[in-house]
Each structure stands twice: as C-alpha cells, then as structure tokens.
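Asker: Structure incoming, see below.
The values are calculated or read from the model by the stated rules, or taken from the named source; none is laboratory data. As the structure is a prediction and not an experimental result, all values here were calculated from the model. Quick reminder, even Gly has a Cβ in these numbers, built from the backbone with ideal geometry, and neighbours come from all protein chains shown. Heavy atoms of the whole protein, side chains included, go into the accessibility calculation; ligands, DNA and RNA do not. Shrake-Rupley method; radii C 1.70, N 1.55, O 1.52, S 1.80 Å.
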Amino acid sequence: MKKNYKKLWKFVFLVYILILIKLIIFKYPWEYLMNIIRSWEKGVILEGLSTANFTLGKSIRMYIRYFNKFPFWNGFANLIGNILVFIPFGFVLPQAYPRCGRWWRTFYCATGFVMCIELFQLFSAFGAFDVDDILLNVLGAMLGYVLFSALRKIKIEVKVRKKVRLWKRTN
C-alpha cells in the first residue's frame, strides 16, 4: 500500500512539473514561440542578457514601490504568484522522493530546478531572467517543505497517541 502511495506522489509530482513548465516557459501562444525560435541568433541571446535582472531585490522593490501604479494582477503575479506556484514543489517532492525529506535536499532540488528554468529563459528568449524569481520560487518551495514537515509531525503525533491509547487498553 505504501509503495502505491509513493508511485501516486511521483505521478503527481511529474504532472505538477509539466504544468509548471507550461506555465513558466511555454506560457505564450505556440505561434509566438515559433517566431522566437526562428529569430534565434547571437543578438537575441545578447538582448536577453541586457534585459535580465541580476540585482537581488531590484524587481521586488520595484513592484512594492509601484504596487498601486501597476495593474493589480501584474504585481500580484510577480511577487505572491512566484511564491505560491512553488509551494507544491516543496510539499510534493519529499513525499514522492523520501530521500528529499530533509530541508536542505529540498532546498537544493528547488534551487537547481529554478536555476534551470531561469537560465533557459535567459538564453532562449522564452521569458526574462530575474534573480528575484529564483529567490521567490525557492522561498515558495521551502514554505511547501515547512507545510510537509508540519503535517509529517502531526501524522507521527497521531500515530503515537493511537499506540498509547491501545497500550492503555491492553494494560
């Protein structure tokens, strides 16, 4: 039974990752993406480098400072959305892959995955590289891990209480 749950969690994690890639990398219509691919050349990559944000906190400060000047969705999606979309990563990963049940392994996996997405965006022009996205996405994954860890402790506590009640009944 436990093995079936692990397979289910692996499937859920795979589906989540595919949805995440679709939302982050392939968010534009197919025709738009094909136009980007047809225009790939050294200049496109250099343009990506010139528009990238390598300054930690720059985008976050901008969205906070001009929060009431941007459309609500724009500021929300870039700040809160970048955190919320990665909460499932930190929650599902340790359940699908118990070896990632330690916080630092989840942190490394989340950081590596987010870095791959951001670097792909940097060199492909399928988005914009932003170091703040890395920070916010990893923060979201770690919040998901905190939720996973809290629920795991509650589950263990419930099991212990059941065993104590059972022990008291037999004695």
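Asker: Ranked highest first by the average count of other Cβ atoms within 10 Å around their residues, in what order do 85-95, 102-112, 159-169, 129-139 fall?
Answerer: 85-95, 129-139, 102-112, 159-169
Asker: Helix-only estimate, please: 222 nm mean residue ellipticity of the chain, summing -39500 (n - 2.57) across DSSP H runs of length 4 or more and dividing by its residues, to the nearest 500.
Answerer: The helix-only estimate for the chain comes to -24500 deg cm²/dmol at 222 nm.
Asker: If you don't mind, there's one more thing I want to ask. How would segment 120-169 be classified by its alpha-carbon gyration tensor: rounded, prolate or oblate, with rounded meaning a/c under 1.5 and the a/b versus b/c comparison settling the rest?
Answerer: Because a/c hits 1.5 or more and a/b exceeds b/c, segment 120-169 counts as prolate.
Asker: Could you tell me which of rounded, prolate or oblate describes segment 1-98, using a ≥ b ≥ c as the square roots of the eigenvalues of the alpha-carbon gyration tensor, with rounded for a/c under 1.5 and, failing that, prolate when a/b is larger than b/c and oblate otherwise?
Answerer: oblate
Asker: Non-local amide H neighbours of Asn53 (under 5 Å, H modeled in plane, Pro and chain starts lacking H): which ones?
Answerer: Phe129, Asp130, Val131
Asker: Determine the share of the chain's accessible area contributed by carbon and sulfur atoms, expressed in whole percent, with a 1.4 angstrom probe.
Answerer: With neighbouring chains kept in place, the figure for the chain is 69 percent.
Asker: Sticking with this one: Give the accessible surface of the chain per residue, rounded to a whole number of Å², with probe radius 1.4 Å and ligands, DNA and RNA excluded.
Answerer: The answer is 69 Å² per residue.
Asker: When Cα extents along the principal axes in Å is calculated directly from the model, which label among (i) 59, 39, 33; (ii) 45, 32, 31; (iii) 78, 36, 26 fits?
Answerer: (iii)
Asker: Per residue of segment 81-98, what does 6.51 cos²θ - 1.76 cosθ + 1.60 with θ = phi - 60° give for ³J(HN,Hα)? Whole Hz please, x for Gly and Pro, Karplus curve as stated.
Answerer: x, 5, 7, 4, 5, 9, 4, x, 4, x, 8, 7, 3, x, 7, 6, 10, x
Asker: For segment 108-116, take each phi angle, set θ = phi - 60°, evaluate the Karplus expression 6.51 cos²θ - 1.76 cosθ + 1.60, and give the result in whole Hz per residue in order, putting x for glycine and proline.
Answerer: 5, 5, 5, 4, x, 5, 5, 4, 4
Asker: Determine ³J(HN,Hα), in whole Hz, for all residues of segment 137-154 in sequence, where each value follows from phi through the Karplus function 6.51 cos²θ - 1.76 cosθ + 1.60 and θ = phi - 60°; x replaces Gly and Pro.
Answerer: 5, 5, 4, x, 4, 6, 5, x, 5, 4, 4, 4, 5, 5, 5, 5, 5, 5
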